1. So, in the range 1-28, of the ones that are of a type in the set (A, V, I, L, M, F, W, C) and surrounded by 11 or more Cβ atoms within 10 Å (Cβ to Cβ), which residue ends up modelled with the highest pLDDT?
2. Mind checking which pairs have a first residue in the range 26-44 that is more than 11 Å from L67 (Cα to Cα) and a second that is charged (D, E, K, R), Cβ under 7 Å, 6 or more apart or different chains?
3. Spot the failing condition for I83; the list is (1) surrounded by fewer than 16 Cβ atoms within 10 Å (Cβ to Cβ); (2) among the β-branched types (V, I, T); (3) not in a helix (DSSP H, G or I), and only one is missed.
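The values are calculated or read from the model by the stated rules, or taken from the named source; none is laboratory data. What you see is a predicted model, and the numbers here were worked out from it, not measured in a lab. Cβ placement follows ideal geometry from the backbone for every residue including glycine, while neighbour counts extend to all protein chains displayed.
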Amino acid sequence: MTERVQIVVEPLSPAIVGAAKPSSAVLWLQCVTLAWMLVELGVAVYAAATSHSSAIAGIRLRQLVELLSATVVLLQWIPGMPISERRAGRAAGVLLCLLAFVVAAIALASLALRSRLKQVVQG
């Protein structure tokens, strides 16, 4: 009366392990993301130009780095431009380090300009 149940786990085929062909929805969503980031970048460029603020200029640079990062992700999925996952990861890492540098530089510049402005106003 005892029934035997055998569970078999089959290894993944090489086509699944490698870069799979993305669905059109994935590509469409990534393109929508890039378009939205371009709109944000345009608004940030306009705001920075009209306000003359270094903090808003920092936002513009941050959005540019994010746009480049999203472009790397999209290039990884386009069949004509195969970028390996390792190269995409390295590019994303470099862009994140660049982003950290930009944010720190803008923060220090804003702090220095603000303290200098206070000295001019008080002196």
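1. Filtering the range 1-28 for residues of a type in the set (A, V, I, L, M, F, W, C) gives 1, 5, 7-9, 12, 15-17, 19-20, 25-28.
With surrounded by 11 or more Cβ atoms within 10 Å (Cβ to Cβ) added as a condition, the list becomes 19, 26-28.
On the way: A19: 50, V26: 77, L27: 81, W28: 86.
Result: W28.
2. If the second residue must be charged (D, E, K, R), the pairs left are A44/R60.
3. (1)
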